[in-house]
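Only one structure is covered here, and it is reproduced in the block below.
No lab work stands behind these numbers, since they all come straight from the coordinates. Everything quoted here is computed from the prediction, not taken from an experiment. No Cβ is skipped: glycine too gets one built from the backbone with ideal geometry, and neighbour counts run over all protein chains shown.
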Amino acid sequence: MTENGKPKFAMYWAASCGGCEIAVLNIHEAILDVDANFEIVFWPVAMDAKYKDVEAMEDGEIFLTLFNGGIRNAENEHLAHLMRQKSQLLIAFGSCATEGCIPGLANLSTSEQIFETVYQGPSTENDDSVRPQYMTQMPEGIIEIPIFCPTLRTLQDVVDVDYYIPGCPPESHQIAAVIGLVISVLNGEAELPPKGSTIGVGDSTVCDECPRERDVKRIKQFTRIQELEQIDPDLCLLEQGILCMGPATASGCDSRCPIAGAPCIGCYGPPVGVLDQGARMMTALASVIDSRDPEEIETILDGIVDPAGSFYKFSMAHSLLKAARPSENGR
Amino acid sequence: MTERIAIDPITRLEGHGKIEIFLDDDGNVANTYFQIPELRGFEQFCVGRPVEEMPVLTNRICGVCPEAHHMAAAKAADAVYKVDPPPTAKKLRELLYSAFYVTDHTTHFYALGGPDFIMGPDAPVAERNILGVIHKVGLEIGGKVIQARKYGHTVIEIIGGRKVHPCTSIPGGQTRGINEEERAEIEKMGRWSVDFAQFSLDIFADIVLGNQEYLDLILGDIYSHRMHYIGLVDENNLVNFYDGLVSVVDPNGKRLGKYAPDEYGDWIAERVEAWTYLKFPYLKQVGWKGFVGGEDSGVYSATPLSRLNAADGMATPLAQEHYERFFETLGGKPVHQQLATHWARLIELLYAAERWVELATDLEITGDDFHTVPTETPTEGVGIVEAPRGTLTHHYWTDERGVLTKVNLIVGTTNNYAPISMSIKKAAESLITSGTVVTEGLLNMVEMAFRSYDPCFGCATHSLPGQMPLEVKITDAQGETVETLRQYC
Amino acid sequence: MENGFEPVMIGFTCNWCSYRAADLAGTSRVKYPPNVRLIRLMCSGRLDPTFVLKALSAGADGVMITGCHPGECHYLEQNYKAMRRVMLLKRTIAQMGIEPERVKLVWASAAEGIHLAHEITNFVDEIKALGPLDWPTAPRRRALEEIEQLEVEEVPA
């Protein structure tokens, strides 16, 4: 607690995009509630506390830390341990921290190809094949950049996590609700849910929230969205042949993407209790593909041009397989 | 023994970075290194994905400017299919984009860069942030800032589907249009935003230009660099964020040329250094001469200041007035005082708001033809937009099914990596000399050197260097191995 | 592939047809290799790809799914779902670097004990030729380390 009695609050980003920070700012006026009830002691996007300031804190001095971003390098891992040590409550905030999110797709690649792609890319002039080095001796001293880990991992892969808030990013109304809950807890008006819970999420799938009309699903063909003459604004997207992850994605976002005519891509992760989001989607799709003939089924499945990418777009790093095995000829 | 000071992490920006300042025995700055420690690998893991997913995949390069990636990706996907979206779709995209610019530039001025001026560069850390700003300027003004962001994000949600990471742009157009009710709401919010933009420019004139200390900082030498500038311009050579050709001007303001998206490869090349994950773009035709400015160096920047320098004016009347006043006050074109970027950014805010209203009152904006089905076989395409932080280039190659086979991205802030490094070094050299007591506030003034660029290093470091070696070589500045260590993750 | 490589394999077997076939093979004393550990489902349509992925990531080198012949499913149509699921799963694991041949769908009716025994025997040989999968997740690595330590400790002085 600080002199003014307000519990301390921190928000940190590991390998992230900043969207979770913007989602928090998008609670708009409710940010003033955060200010009224907490003292923000570490939030690199918005204020100037540095790592050394956190290191100087007592263990558990921070009441609540929202940790977003995945664990991609040694610095991310170090900060995960640091924030765990200094925080009473550590929340894995957003898809990157809970399940790896889109950067988890890097787990499908081999290292050799990655080197080539970036540092010998089409617009890169690098005849000497220079590569970043973790330690470089400059005339004045040695300077370092963090070691890059072999795969992208989630927060729970490296530290003990108290709660999970999924979403890419979590929708602002859910964030405001969680903040409201924490403030109620601080005021003795409510209790925290059981440790390890996923919060800020519904108890069903996106399909349940989606207002589109659903009839019986009988899919004879998968269509790429740009190939549809017209996207029917009222009918279920999957029934129009568009690959929509709604059946295998947790509710809580108000199905904003399908409402806007775009398929759900699964950013809220698997429904609570589901172990592997991709497997759920495979199950759901297989049930509604309308054919019993193996040849015809293969043709229908050819319409899904990138199964691993589509089914694990957000949850690769937290799936059962977690990463691809490098094949001999690379990919 | 060389003393070193580390600023780690840099703050009030998007992304990760650290500054290492080395002092010589006299206490003067020997050198500074601005290192970017982050990267995730988009150029690699987007390979194998269907091209229509790129607008939502590349969104996640940056959650502060996903709209920029969304639009660049959509335009690149259009180019891949050689499909021209209908006018309504392009206008909807540009309308969303204009509202986005208002939210983004507002966020930067009030929450990221602005607190240095509004609270003071060495105000206590606990106050030198958006909440301190709101306490100081009062809830009424604070409420306006919150409102400006809210309105902009409402437009993004109406047209783009979501407030962060929009989802409605696809090859050939949009997944939905807007109706008259939505249009009227968007127009109303736009008109309010024009007033808000002017109000912000008034605040800047008051708090910053009206403060001699700040004015000296802006006009002075500490944060000044003479270099090349680039920015998108329309057919009249006026600033446009969504479409056009990229204008390139030299440090004297002479236009070296304008390039179309598929010509970027003739103009921009990137360089690798061993001590950072981020690459350094430079003008290919001028060549890389090191971290120096001037006519003979390929170092260029792409920022609001660059865009104003590289264009002949603004396409909307109120912004144009401010554009003229800007260059009058600062002594003509081009302006090299990088801190003036904060001012340029607010002029762009005004243009974005005016453009918002223009598009919201366009007769075609509620049209029901918002998508053209592509008919050509997909191959290769480039899309360029101006991200708030700089020119953004997406280049895709696909197979005949439209699945990505190769991706090249040159992202807003990446353009500015060399200039930012130079600005940081110059600021450190000027501020830290023999006998200087190095305070937290002083180090913040070194950080102010990058903040005017409004960097976004999540954007910049989309790339992935690859495998973690078990052995690490320590190399010297020429890349020769000095020592070998074992490292573990 | 390697000498002495004995694959660990799981067989998800539907109660009505293929499990009875396995029973029949047993009571007929038809030999088949013991590598495939059988897990009984009420129907092949109960097979969730999660089961297969869990098996592969936890140490299995191959997974077999058996069900009633198309048209003969005890629950009418569910084996078609199983078929489609396995087809989609194979495409997905191929992208993950797992040979799709490590997952196999076999139809066997309750009377086809010999046929099922043959299929199992063939599949074990196919997996032996492919070699161990050795999926690199931490639980498996830890389990293997524990096993190695056990073996060392058991050696008498």
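Of B:288, B:192, how do they rank once you tally other Cβ atoms within 10 Å and put the fewest first? Kindly include the intermediate steps, with their values, before the conclusion.
Numbers: B:288 19, B:192 16.
Neighbour counts put them in this order, fewest first: B:192, B:288.
What residues of the range A:174-188 lie in the reach of a label at residue B:139, counting those whose backbone N is under 13 Å from a point 7 Å from the Cα along Cα→Cβ?
From the range A:174-188, the list is empty.
Under a crude label model (7 Å from the Cα following the beta-carbon direction), how far is residue A:229 from residue C:129 in nanometres?
Each label point lies 7 Å from its Cα, and together they span 4.9 nm.
Pop the C-beta distance of residue C:75 and residue B:262 into the FRET formula with R0 = 51 Å and round what comes out to the nearest 0.05. It would help to have the intermediate numbers written out before the result.
Details: r = 57 Å, r/R0 = 1.12.
Calculated value: 0.35.
Using only the Cα atoms of the range A:206-318, build the gyration tensor, take square roots of its eigenvalues as a ≥ b ≥ c, and label the shape rounded, prolate or oblate: rounded if a/c is under 1.5, else prolate if a/b is larger than b/c, else oblate.
It comes out oblate by the Cα gyration axes.
How would A:16, A:204 line up from fewest to most surrounding beta-carbon atoms within 10 angstrom?
A:204, A:16
Run lengths n ≥ 4 of DSSP H only: what is the helix-derived mean residue ellipticity at 222 nm for chain B, with -39500 (n - 2.57) per run over all residues, to the nearest 500?
Helices in chain B give a 222 nm mean residue ellipticity of -12000 deg cm²/dmol.
By per-residue mean of other Cβ atoms within 10 Å, what is the highest-first order of A:175-185, A:313-323?
Values: A:175-185: 18.4, A:313-323: 26.1.
Going by the mean number of other Cβ atoms within 10 Å, highest first, we get A:313-323, A:175-185.
Among C:134, A:162, what is the fewest-to-most ranking by other Cβ atoms within 10 Å?
The order, fewest Cβ neighbours first, is C:134, A:162.
What does the C-alpha gyration tensor say about the overall shape of the range B:33-111? Classify as rounded when a/c is under 1.5, otherwise prolate if a/b is larger than b/c, or oblate.
Cα axes put the range B:33-111 in the oblate bin.
Grab the beta carbon distance between residue B:363 and residue B:213, set R0 = 41 Å, and tell me the FRET efficiency rounded to 0.05.
The pair residue B:363/residue B:213 has a calculated efficiency of 0.25.
One-quarter of the Cα convex hull surface for the range C:29-88, in nm²?
So the mean shadow area of the Cα hull is 5.0 nm².
Rounded to two decimals, what ratio of Rg to Rh does the range B:84-208 give with C-alpha atoms and a Kirkwood Rh?
So for the range B:84-208, dividing Rg by the Kirkwood Rh gives 1.07.
What FRET efficiency do you get for residue B:380 and residue C:94 if R0 is 30 Å and r is their Cβ-Cβ distance, rounded to the nearest 0.05?
0.65
Helix by helix through chain B, keep the DSSP H runs that span 27 Å or more along the axis on Cα and average at least 0.0 on Kyte-Doolittle, and give those back in order. Numbers along the way, then the final one.
Values: long enough: B:87-107 (30 Å, -0.40); B:139-160 (30 Å, 0.31); B:180-203 (34 Å, -0.65); B:341-360 (28 Å, 0.23).
Membrane-span-like by this rule: B:139-160, B:341-360.
Once you place label points 7 Å from the Cα toward the Cβ at residue B:191 and residue B:234, how far apart are they in nm?
2.2 nm
Please compute the modelled spin-label separation between residue A:52 and residue B:438, points set 7 Å along Cα→Cβ, answer in nm with one decimal.
Taking the two extended label points, one gets 0.8 nm.
Okay, which of the range C:76-108 sit inside 16 Å, backbone N to the point 7 Å along the Cα-Cβ direction of residue A:287?
Counting backbone N atoms under 16 Å from the label point, the list is C:76-86.
Return the Rg/Rh value of the protein assembly as shown, two decimal places, where both radii are evaluated on C-alpha atoms and Rh is the Kirkwood radius.
0.99
Pairs to check: B:90/B:333; C:31/C:90; C:81/C:128; B:91/B:163. Give those whose C-alpha atoms are more than 23 Å from each other in this structure.
Beyond 23 Å: B:90/B:333; C:31/C:90; C:81/C:128.
Is the shape of the range B:42-420 best called rounded, prolate or oblate, per the rule: a/c under 1.5 gives rounded, else a/b larger than b/c gives prolate, else oblate, with a ≥ b ≥ c the square roots of the Cα gyration tensor eigenvalues?
Oblate.
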